[in-house]
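First up is the structure itself, then whatever we jot down about it.
The values are calculated or read from the model by the stated rules, or taken from the named source; none is laboratory data. All values reported here derive from a predicted model rather than from experimental measurement. Note that each Cβ is placed from the backbone with ideal geometry, even for glycine, and that neighbours are counted across all protein chains shown.
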Amino acid sequence: MKLAIVGAGVVGASTLELAGKYGHEVVAIADSGSAAVDPDGLDPAPVLARKNDEGTVGEAAPDAALDADYDVLVEATPTTLGDAEPGFSHVRHALERDRHVVLANKGPVAERYGDLRALERDSAGEVLFEATVGGAIPALSTIRDVGADHVTAVRGVLNGTANFVLSRMAAEGLDYEHVLAEAQDLGVAEADPSFDVQGTDAALKCVILANVLYDDEYTLADADVSGIEDLPGSALELAAEDGRTVRLIGEVADGEVRVGPRLVPEHGTLAVTGTRNIVQLDTEHAGRLNVSGRGAGGPETASAVLADVGRLSRR
Amino acid sequence: MYERGDRVVSEAVHAYTVRLELVDEPGELLRTLEPIAENGGNLLSIFHERGNLTPRGHIPVEVDVEATPERFDDIVAALRDAGVNVVRAGEERYSEEVTVVLTGHLVDTDLSDTLQRVQQCGQASVADVSLSAPKGTGDVSSARLRLVAEQGGAEAALGAIREVATEKDLRVIEPLPGGEA
């Protein structure tokens, strides 16, 4: 498949780098200010070096990537809320040209699922978004395989930053501020960690899960969200005395979407540590399924993007 | 309530059902009930099945008692010492148990009132409370509450907790239903 990648952050760059290993070629990549286009396929190394040195990927204007001759548009720009722009327009552009779209950007699937599905219906192209939930974890494709109608509930740890903070606080008896600063030093948490620690990121993933499970138009506004910001260490200490710990858990069940700190058994399945994520599915006939792994990271998320590209190529 | 370091632990009263087997003799029932009152138990009800006999020819009696867990152990021991055959003890009437952790300005917002409001929902009892206030009671603290409830009561009690917590700006860390395995 010929890919055009919009967004040259960690996920876009990793997708460019790894596409060849999965049998695909990248004919265009764009960041917010520039694009590189080559109908015969881009050589990743010089593009990535230029991005690193000069902050741009090429000489062309960003729109050149959207207009390139590709089979699949990979949308990997940062997630935005509300109208989910500019990601949503990129998706629209590709679908109107009857091209497939693979999203790593959560915005269009979490905030405008109805609009997205409507555009897809009028297009010969298809939209896949495995990378938007749980990074490398095949959460959505597992739901698709089991059948959304046979999944009765989904819960899990869907934010690595929050999980890192909680597991370090519990293990070391350190307070929130201390662990957060450490996470920022390690690059696990961003300079502004609010998206992660306030539960927004996990909630977007749960909203996406709800849209897939119920084939409905949930948005962030439909989720009941609380985060782990400023959680006192004493809460983890009291939980530990009782053989439990605290995790930021997202739940989709009975039509409700909830994200918040929850008590879970200290050594239970859901008490994953560090930046690990886990998705737990309750199914009608197959019991409980647990899928865990790395929920973020360039190559990890790119592998989920390329898995979607592989699915499209086999159709 | 008694204090242990920076912790306050209260041992609340539970309801227990005790099944006894009595020999069919005058005064036997009264003799049986004495150790309950003597050990601080509160007798709630007695179900005396006079017409029924156990396979061993005894009369089954079901007694509901309220006591703290520690006193209840004493009651059972005293009954056995008195030669009463205790068939089943310690099975609580409460079929649901739920643990939550609350954080925030628990002391400044009147923890006893918070607990009372949970009890007042009428669906659950606060079985025990552990408070941790490492930075002093004027700062943010945490409390672990164990609630016991009859079938369906735990959800109502959680609802009451959420309501009080919203009002007092406390954070509730709820257990995860269904996610225990």
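What to note about this one:
- With respect to the stated conditions, B:V98 is of a type in the set (A, V, I, L, M), more than 8 Å from chain A (Cβ to nearest Cβ) and surrounded by 19 or more Cβ atoms within 10 Å (Cβ to Cβ).
- Selection status of B:L53, among the aliphatic types (A, V, I, L, M), more than 22 Å from the chain's Cα centre (by Cα) and at pLDDT below 80: yes
- A:S292 meets the conditions (1) small (G, A, S); (2) closer than 19 Å to A:K205 by Cβ; (3) more than 14 Å from every other protein chain (Cβ to nearest Cβ) in every case but one. The failed one is (3).
- Scanning the stretch A:185-232 for residues that are part of a helix (DSSP H, G or I), among the hydroxyl-bearing types (S, T, Y) and either surrounded by fewer than 16 Cβ atoms within 10 Å (Cβ to Cβ) or within 14 Å of chain B (Cβ to nearest Cβ) (or both) gives A:S194, A:Y214.
- Going through (1) within 12 Å of another protein chain (Cβ to nearest Cβ); (2) over 19 Å from the mean Cα position of the chain (by Cα) one by one, A:E182 falls short only on (1).
- Among (1) more than 7 Å from chain B (Cβ to nearest Cβ); (2) assigned to a strand (DSSP E or B); (3) not hydroxyl-bearing (S, T, Y), the one test that A:I249 misses: (1)
- Restricting the stretch A:24-58 to residues that are in contact (Cβ under 8 Å) with a residue 40 or more places away in the chain and closer than 16 Å to A:Y70 by Cα, the residue that is farthest from the chain's Cα centre (by Cα) is A:V27.
- Look at (1) out of contact with any helix residue (DSSP H, G or I) (no Cβ under 8 Å at 6 or more places or on another chain); (2) more than 8 Å from every other protein chain (Cβ to nearest Cβ); (3) of a type in the set (D, E); (4) assigned to a helix (DSSP H, G or I) and you find that A:E237 fails only one, number (2).
- Just so you know, in the stretch A:116-145 the residues that are assigned to a loop (DSSP other than H, G, I, E, B) and of a type in the set (V, I, T) include one that is nearest to A:T161 (Cα to Cα), and it is A:V133.
- Flag if A:K21 is surrounded by fewer than 20 Cβ atoms within 10 Å (Cβ to Cβ), touching a Phe, Trp or Tyr at 6+ places or on another chain (Cβ under 9 Å) and modelled with pLDDT of 95 or more: no
- Taking the stretch A:1-96 and the strands (runs of 3 or more DSSP E) fully enclosed by it, the elements with 2 or more residues that are under 22 Å from A:L312 (Cα atoms) are at A:2-6, A:25-30, A:72-75.
- Test set (1) surrounded by fewer than 22 Cβ atoms within 10 Å (Cβ to Cβ); (2) not in a loop (DSSP other than H, G, I, E, B) - A:L174 fails condition number: (2)
- Any hit, the stretch A:263-279, residues being outside any loop (DSSP other than H, G, I, E, B), within 14 Å of the chain's Cα centre (by Cα) and within 14 Å of chain B (Cβ to nearest Cβ): yes
- Selection status of B:G104, over 23 Å from B:A149 (Cα atoms) and within 14 Å of another protein chain (Cβ to nearest Cβ): yes
Residue by residue, here is whether (1) without any contact (Cβ under 8 Å) to a residue 12 or more places away in the chain; (2) surrounded by 24 or more Cβ atoms within 10 Å (Cβ to Cβ); (3) of a type in the set (F, W, Y); (4) touching a strand residue (DSSP E or B) at 6+ places or on another chain (Cβ under 7 Å) holds:
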position	(1), (2), (3), (4)
A:G82	no, no, no, no
A:V91	no, yes, no, yes
A:K106	no, yes, no, no
A:Y113	no, no, yes, no
A:V127	no, no, no, yes
A:G147	yes, no, no, no
